[in-house]
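Before I ask anything, here is the structure I am working with.
The numbers here are math on the coordinates, done by the rules we state, and not lab data. Just so we're clear, the structure is a prediction, and the values are computed from it rather than from any experiment. Counting neighbours? That spans all protein chains shown, and the Cβs are built from the backbone with ideal geometry, glycine included.
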Amino acid sequence: MTRKQRRITLISSALFALALAVGLMLVALRDNIVFFYGPSELAQKAPAVGKRLRIGGLVKEGSFSRQPDETIRFKVTDARQDVAVVYKGALPDLFREGQGVVAEGALGQDGVFWADTILAKHDERYMPREVADALKKQGVWREGDQKSP
């Protein structure tokens, strides 16, 4: 085998190994990708039932209720559209109506979002970037105005 043939064989082997590694990473990450939707985007795009995703917005005033079996129901809103959320578990200490929230879970056949993780803002000045961007896109959130959405 000539020097040129060895070099071509080495380069092609390295490229094959790199392609294999990238392919394995993409397959491994495929199940961990979670898309973010605001309530209006969720209504427009209607993702598949059971698909894992995140929704974010504000907890709608007057929508929070706690059932005797520790099931919690509330609505996430962007002032244009509401999404009913059902969650069973402990809520973050800073969770309350009128505040920003991100819920991770799946959409049920009945149109209710079944959450398994709830994230709330950690102080009065923070709102998750995805939630703020979605509310800004809807034109209902203004920078520096924490009381109104």
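So if we plug the beta-carbon distance of L24 and A46 into 1/(1 + (r/R0)^6) with R0 = 30 Å, what FRET efficiency do we get, rounded to 0.05? Don't jump to the answer; show the numbers that get you there.
Details: r = 32 Å, r/R0 = 1.07.
Step by step, r from the Cβ atoms, then E = 0.40.
Is region 1-68 best put as rounded, prolate or oblate by its Cα gyration tensor, with a ≥ b ≥ c the root eigenvalues, rounded for a/c under 1.5, and otherwise prolate when a/b is larger than b/c, oblate when not? List each step's numbers first, then the result.
On the way: a/c = 5.55, a/b = 4.34, b/c = 1.28.
Prolate, because a/c is 1.5 or more and a/b exceeds b/c.
Rounded, prolate or oblate: which one fits region 35-138, using the alpha carbon gyration tensor with axes a ≥ b ≥ c (rounded when a/c is under 1.5, else prolate when a/b beats b/c, else oblate)?
Note, shape of region 35-138 comes out oblate.
Something else: What number comes out for the charge environment of P47, summing +1 per Lys or Arg and -1 per Asp or Glu over other residues with Cβ under 12 Å away?
Working: positive: K45, K51, R52, R54; negative: E41.
Result for the neighbourhood of P47: +3.
Residue by residue through region 6-11, which ³J(HN,Hα) values in whole Hz follow from phi under the Karplus form 6.51 cos²θ - 1.76 cosθ + 1.60 (θ = phi - 60°), with glycine and proline marked x?
Once rounded to whole Hz, the list reads 4, 4, 5, 5, 5, 5.
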